[in-house]
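Novice: Here it is, the structure, as structure tokens.
The values are calculated or read from the model by the stated rules, or taken from the named source; none is laboratory data. Bear in mind that the values here come from a model prediction, so they are computed numbers and not experimental data. Neighbour counts run over all protein chains shown; Cβ positions are idealised from the backbone, glycine included.
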Amino acid sequence: MAHVIVDPRRCEGAKDCIDACPERVFSMRRPSADLPLLVRMKVAVHGGKQAFAAREAACTACLRCVDACPERAIAVVA
């Protein structure tokens, strides 16, 4: 099983990972209130939510999400 890591300090909520993932591993949720203000502002521009690995067990480590993420916020460890 692969371990999917989304860095909340880098993810701006562009949703490219959701579109790229064939296994529908990712979902969106509101960012943590303890993130830096600049990060929260960037997330707000993209709809106010960040990606997270809601279905990590479904990940096949294809790395499409890693390639698709414009912020380089995703790592997959197989």
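Novice: Only one of (1) more than 9 Å from the chain's Cα centre (by Cα); (2) assigned to a loop (DSSP other than H, G, I, E, B) fails for Pro8. Which number is that?
Specialist: (1)
Novice: Can I ask one more? In region 20-46, what residues are in contact with a strand residue (DSSP E or B) (Cβ under 8 Å, 6 or more places away or on another chain), surrounded by 13 or more Cβ atoms within 10 Å (Cβ to Cβ), outside any strand (DSSP E or B) and not aliphatic (A, V, I, L, M)?
Specialist: Pro31 - this is the single residue of region 20-46 that is in contact with a strand residue (DSSP E or B) (Cβ under 8 Å, 6 or more places away or on another chain), surrounded by 13 or more Cβ atoms within 10 Å (Cβ to Cβ), outside any strand (DSSP E or B) and not aliphatic (A, V, I, L, M).
Novice: Please work out if His46 is in contact with an Asp or Glu (Cβ under 6 Å, 6 or more places away or on another chain) and not aromatic (Phe, Trp, Tyr).
Specialist: yes
Novice: All but one of (1) touching a residue at least 12 places away in the same chain (Cβ under 8 Å); (2) small (Gly, Ala, Ser); (3) assigned to a helix (DSSP H, G or I) hold for Ala61, so report the exception by its number.
Specialist: (3)
Novice: Moving on to the next point. So is Ser27 among the polar types (S, T, N, Q) and under 11 Å from the mean Cα position of the chain (by Cα) or not?
Specialist: For Ser27, the condition - among the polar types (S, T, N, Q) and under 11 Å from the mean Cα position of the chain (by Cα) - is met.
Novice: Moving to a separate point now. If Cys65 passes every condition in (1) surrounded by 15 or more Cβ atoms within 10 Å (Cβ to Cβ); (2) at pLDDT below 95 but one, which one does it miss?
Specialist: With (1) surrounded by 15 or more Cβ atoms within 10 Å (Cβ to Cβ); (2) at pLDDT below 95 applied to Cys65, the lone miss is (2).
Novice: Please state which one of Ala53, Ala44 is under 10 Å from the mean Cα position of the chain (by Cα) and aliphatic (A, V, I, L, M).
Specialist: The match here is Ala53.
Novice: Oh, and also: Name the pairs whose Cβ atoms lie under 7 Å apart, with the first residue in region 39-54 and touching a residue at least 40 places away in the same chain (Cβ under 8 Å), the second exposed (fewer than 15 other Cβ atoms within 10 Å of the Cβ), and 6 or more positions between them or separate chains?
Specialist: Within 7 Å, the pairs are Gln50/Arg29; Phe52/Ser27; Phe52/Arg29.
Novice: Within region 1-26, work out how many residues are of a type in the set (Gly, Ala, Ser) and over 16 Å from Arg64 (Cβ atoms).
Specialist: Total satisfying the criteria: 1.
Novice: Turning to a different aspect of this structure: Does Cys17 satisfy being in contact (Cβ under 8 Å) with a residue 24 or more places away in the chain and either more than 13 Å from Ile74 (Cβ to Cβ) or part of a loop (DSSP other than H, G, I, E, B) (or both)?
Specialist: no
Novice: Residue under question is Ala51, and the condition is that it be of a type in the set (A, V, I, L, M) and closer than 9 Å to Gly13 by Cα; does it hold?
Specialist: It is true that Ala51 is of a type in the set (A, V, I, L, M) and closer than 9 Å to Gly13 by Cα.
Novice: A follow-up question, please. Hey, Ala57 hits all of (1) within 14 Å of Val76 (Cα to Cα); (2) small (Gly, Ala, Ser); (3) surrounded by 16 or more Cβ atoms within 10 Å (Cβ to Cβ) but one; which does it fall short on?
Specialist: Among (1) within 14 Å of Val76 (Cα to Cα); (2) small (Gly, Ala, Ser); (3) surrounded by 16 or more Cβ atoms within 10 Å (Cβ to Cβ), the lone unmet condition for Ala57 is (3).
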